[in-house]
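Peer 1: Mind looking over this structure? Questions follow.
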């Protein structure tokens, strides 16, 4: 090998190192830190708790307790997953609210918020969250929630629609 | 590791070929699709929430739900991405570096070959089935009856409806003409499981199409396409959609010369990733709706 060849190889080596460093820095810069980095790490860890508890009730079990569409109101089921069922409440084609039942087995914090509830609906502890959500806890386990989607659909409407669920039936669900 | 849901939503483009092509379809469903991007933006738009602690809590629950592999969300994302990428891998390299410079793309259309009609027809049918399978992965099968399920499907709006409009226009009307539904059904009826196995789009997603073998899967694709064909026919009629008015609107955004029309379908296949784009938007919306209900 000649001396010249050695120098070219040496320069190639340096170039490779510089390129790698540039890519690494560019790579790091491209990925800005996010407010969700920690939860991403927690939820993908090897021993992470799954989002949905194994013994959560099937969403389909909740359907029959939902209020029926009536007096021009239309109920359209939108999601049915383990521990969760949701329907949209519409009138004249316009979305008014979302109606949902969830099993808090998967998210105990959701049930815990009712411990300090100062109000109740139909005899069940009730809580308001933000300006659009009202919910109750049935049998210390099932959360029934109504979420306003139209400004005209207020807290009174949410309360009224929670009462329209078959809450007695839901309370007997094992 | 695959990307997190918040990265995928944060990285949705606000411009480029896909967005221009989708905007060109605004005339079909005026104002119904806004290009909503950014994870926290989406939380704000879907929930109407402005409280930062609440937005954080909703986002965190949505991330947890997405990362639970048993919940089907990652499978749905994979389906949307895969069916887009399967379209025309060959032409991508030739076009990739030109798209950034000039959307007129005429110079490199010569590198593309229009796909035979049969292949286009199969792609259309498979994309529709992918929508159905992804829908069930995301939403389950809502309600207790077929009627409930059809009502849920009929409630498509926003980015989900835009995806169906793009399917009808970009994978139906433009490459196959006004008889695209009949061509799809005809192709499926005359097809053997063996033919299906040779199709690249099918190969890429077949593992998630219901059925034990290609014969079953072909049956499922046929039934699914057949059951949605009535809705598609009605939609095309109601909106007065033709190959000409779709191309006319597309030409407002992307230059297409008359003698290159044959290539438009191939171009759209390669450069317009509308399943991935609007699919990510749909997935984010549904995750957020579930997260709010659960908190």
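Peer 1: Only one residue in A:56, A:45, A:111 is exposed (fewer than 14 other Cβ atoms within 10 Å of the Cβ) and over 14 Å from residue B:292 (Cβ atoms). Which one? It would help to see each step written out before you state the result.
Peer 2: Details: A:56 fails: exposed (fewer than 14 other Cβ atoms within 10 Å of the Cβ); A:111 fails: exposed (fewer than 14 other Cβ atoms within 10 Å of the Cβ).
Exactly one residue qualifies, and that residue is A:45.
Peer 1: If you don't mind, there's one more thing I want to ask. Looking at the range A:61-82, is at least one residue within 16 Å of the chain's Cα centre (by Cα) and either at positive phi or in a helix (DSSP H, G or I) (or both)?
Peer 2: No; the residues of the range A:61-82 include none that is within 16 Å of the chain's Cα centre (by Cα) and either at positive phi or in a helix (DSSP H, G or I) (or both).
Peer 1: Another one. Can you run down the residue pairs with Cβ atoms below 6 Å, 6 or more apart or on separate chains, where the first is in the range A:153-171 and within 14 Å of residue A:143 (Cα to Cα) and the partner is part of a helix (DSSP H, G or I)?
Peer 2: A:165/A:65; A:166/A:65; A:169/A:65; A:170/A:65
Peer 1: Also, quick follow-up: If you go through the range A:84-103 one residue at a time, how many are within 24 Å of residue A:54 (Cα to Cα) and more than 8 Å from chain B (Cβ to nearest Cβ)?
Peer 2: The total comes to 3.
Peer 1: For the range B:46-60, give me each residue that is more than 8 Å from chain A (Cβ to nearest Cβ) and either in a loop (DSSP other than H, G, I, E, B) or out of contact with any helix residue (DSSP H, G or I) (no Cβ under 7 Å at 6 or more places or on another chain) (or both).
Peer 2: Those that are more than 8 Å from chain A (Cβ to nearest Cβ) and either in a loop (DSSP other than H, G, I, E, B) or out of contact with any helix residue (DSSP H, G or I) (no Cβ under 7 Å at 6 or more places or on another chain) (or both): B:50, B:52, B:53, B:57.
Peer 1: Additional query: Keeping to the range B:45-67, report how many residues are more than 26 Å from residue B:131 (Cα to Cα) and surrounded by fewer than 17 Cβ atoms within 10 Å (Cβ to Cβ).
Peer 2: 6
Peer 1: From the list B:161, B:185, B:124, B:128, exactly one residue is surrounded by fewer than 21 Cβ atoms within 10 Å (Cβ to Cβ), assigned to a helix (DSSP H, G or I) and within 19 Å of the chain's Cα centre (by Cα). Which is it?
Peer 2: Numbers: B:185 fails: within 19 Å of the chain's Cα centre (by Cα); B:124 fails: surrounded by fewer than 21 Cβ atoms within 10 Å (Cβ to Cβ); B:128 fails: surrounded by fewer than 21 Cβ atoms within 10 Å (Cβ to Cβ).
Being surrounded by fewer than 21 Cβ atoms within 10 Å (Cβ to Cβ), assigned to a helix (DSSP H, G or I) and within 19 Å of the chain's Cα centre (by Cα) holds for just one of B:161, B:185, B:124, B:128, which is B:161.
Peer 1: Test each condition in (1) closer than 23 Å to residue A:51 by Cβ; (2) under 17 Å from the mean Cα position of the chain (by Cα); (3) modelled with pLDDT of 95 or more for residue A:130 and report the one that comes out false.
Peer 2: (3)
Peer 1: Restricting attention to the range B:232-256, and to residues there that are free of Cβ contacts under 8 Å to residues at least 60 places away in the same chain and part of a helix (DSSP H, G or I), which single residue is nearest to residue B:199 (Cα to Cα)?
Peer 2: In this case the residue turns out to be B:233.
Peer 1: For the range A:28-36, indicate whether the set of residues that are surrounded by 13 or more Cβ atoms within 10 Å (Cβ to Cβ), away from every other protein chain (no Cβ under 13 Å) and at pLDDT 95 or above is non-empty. Steps first, answer last, please.
Peer 2: Applying the first criterion (surrounded by 13 or more Cβ atoms within 10 Å (Cβ to Cβ)) to the range A:28-36 yields A:34-36.
With the extra rule that they be away from every other protein chain (no Cβ under 13 Å), the set shrinks to none.
No.
Peer 1: Identify the residue in the range B:9-39 that is within 14 Å of chain A (Cβ to nearest Cβ) and crowded, with 19+ Cβ neighbours inside 10 Å and, among all such residues, is farthest from the chain's Cα centre (by Cα).
Peer 2: My answer is B:39.
Peer 1: Considering only residues that are touching a residue at least 12 places away in the same chain (Cβ under 8 Å) and either at the interface with chain A (Cβ under 9 Å from one of its Cβ atoms) or closer than 30 Å to residue B:234 by Cα (or both), look in the range B:68-77 and name the one that is surrounded by the most Cβ atoms within 10 Å (Cβ to Cβ). Steps first, please.
Peer 2: Step one: of the range B:68-77, the residues touching a residue at least 12 places away in the same chain (Cβ under 8 Å) are B:72-77.
With the extra rule that they be either at the interface with chain A (Cβ under 9 Å from one of its Cβ atoms) or closer than 30 Å to residue B:234 by Cα (or both), the set shrinks to B:72, B:76-77.
On the way: B:72: 18, B:76: 25, B:77: 22.
For the range B:68-77, the residue satisfying everything is B:76.
Peer 1: Then there's this: Mind checking which residues of the range A:128-141 are touching a strand residue (DSSP E or B) at 6+ places or on another chain (Cβ under 6 Å) and outside any loop (DSSP other than H, G, I, E, B)? Can you show your working first?
Peer 2: Going through the range A:128-141, the residues touching a strand residue (DSSP E or B) at 6+ places or on another chain (Cβ under 6 Å) turn out to be A:128, A:132-138.
A:128, A:133, A:134, A:135, A:136, A:137, A:138, listed by residue number.
Peer 1: Give the residue, chosen from A:100, A:112, A:87, that is assigned to a helix (DSSP H, G or I) and under 28 Å from residue B:70 (Cα atoms).
Peer 2: So the residue among A:100, A:112, A:87 that is assigned to a helix (DSSP H, G or I) and under 28 Å from residue B:70 (Cα atoms) is A:112.
Peer 1: Kindly indicate which of B:171, B:148 is over 23 Å from residue B:25 (Cβ atoms) and either part of a helix (DSSP H, G or I) or within 20 Å of the chain's Cα centre (by Cα) (or both).
Peer 2: Just one listed residue meets the conditions, B:148.
The values are calculated or read from the model by the stated rules, or taken from the named source; none is laboratory data. The structure presented is a predicted model; accordingly, all values stated were derived computationally and were not measured. Neighbour counts are summed over all protein chains in view; Cβ atoms, including those assigned to glycine, are modelled from backbone coordinates with ideal geometry.
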